[in-house]
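What follows is a set of notes on a single structure, which appears directly below.
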Amino acid sequence: MSIAGAVEALKQGKVIIITGDRFRRGDMDFAIAAQHATPEAINFMATHGRGLICLAMQQDRAMRLGIGLMNPGKDRQSGRPLGRSIEAAEGVTTGISAADRAQTVKVAVAPEATADDIVSPGHIFPLICAPGGVQERPAAAEAAIELTRRAGCGDAAVICSIMRDDGEMARPGDIADLVERFGLEIADIGDLLGENAATEAAHG
């Protein structure tokens, strides 16, 4: 388990696991660079993760796509930075198949994408990340974007929370077989924050 190993896996277009989300009591997520989110990768997440498949993006991209937070105020706030759900305006059928969701991600992260390229509601759920990244909000979405950027794979990532077979949220002790079976790299948010702090200290 290392940040470097996770970054290299993302660079190769592989799915990784992110642990240590401080806002969800230790829930774990699959993550992949959005530009590598193939139908096969989406299907892997849906099959073995079982959670909500989300597209983590920065605020500037959300603005270009015309996506705002579902609940931008402070009242009845869950703290989850979810935007309205989206679908590609073209190239999809029902929208929920792995291929259709991969198409929606591809359209949404295209450099020239605008609000005209997506429709709502849909089957991909945007997460609009904090401007200060993982330092501001030490959660899976922000961590996935930072790791993806380190890998040189853009600034958006697809994540999916991991559930056990019985429907409960997976914990570190539950994923050993999954990690071994698929050779998955693991990145812990605490380690990422530690690296960032060490880098800042070195340049301070």
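The values are calculated or read from the model by the stated rules, or taken from the named source; none is laboratory data. Quick caveat: nothing in here was measured; it's all calculated off a predicted structure. All Cβ positions, even for glycine, are placed from backbone atoms using ideal geometry, and neighbour counts span all protein chains on display.
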Original post:
What do you reckon, is VAL119 touching a residue at least 24 places away in the same chain (Cβ under 8 Å) and over 22 Å from GLY13 (Cα atoms)?
Top reply: yes
Original post:
Right, ASP116: more than 20 Å from GLY5 (Cα to Cα), assigned to a helix (DSSP H, G or I) and either in contact with a Leu (Cβ under 8 Å, 6 or more places away or on another chain) or of a type in the set (D, E, K, R) (or both) or not?
Top reply: yes
**OP:** Kindly establish whether GLU185 is surrounded by 17 or more Cβ atoms within 10 Å (Cβ to Cβ), over 14 Å from the mean Cα position of the chain (by Cα) and modelled with pLDDT of 95 or more.
**Re:** yes
Subject >> Subset of region 106-131 (residues that are closer than 20 Å to ILE18 by Cβ and either charged (D, E, K, R) or at pLDDT 95 or above (or both)) >> reply: VAL109, ILE124, PHE125, PRO126, LEU127, ILE128, CYS129
Subject >> Members of region 136-184 found to be farther than 19 Å from ARG50 by Cα, among the charged types (D, E, K, R) and either touching a Phe, Trp or Tyr at 6+ places or on another chain (Cβ under 6 Å) or assigned to a loop (DSSP other than H, G, I, E, B) (or both), listed by number >> reply: ARG137, ASP155
Original post:
Here are some residues: ALA141, ALA102. Which one is closer than 20 Å to GLY190 by Cα, among the small types (Gly, Ala, Ser) and surrounded by 15 or more Cβ atoms within 10 Å (Cβ to Cβ)?
Top reply: ALA141
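Got a sec? Which of VAL92, VAL105, VAL119, VAL109 is over 20 Å from ASN196 (Cβ atoms) and under 12 Å from the mean Cα position of the chain (by Cα)?
Among VAL92, VAL105, VAL119, VAL109, only VAL105 is over 20 Å from ASN196 (Cβ atoms) and under 12 Å from the mean Cα position of the chain (by Cα).
Let me confirm something: among GLU90, GLU112, which residue is free of Cβ contacts under 8 Å to residues at least 40 places away in the same chain and within 18 Å of MET63 (Cβ to Cβ)? Outline the logic, then answer.
Values: GLU90 fails: within 18 Å of MET63 (Cβ to Cβ).
That would be GLU112, the only listed residue that is free of Cβ contacts under 8 Å to residues at least 40 places away in the same chain and within 18 Å of MET63 (Cβ to Cβ).
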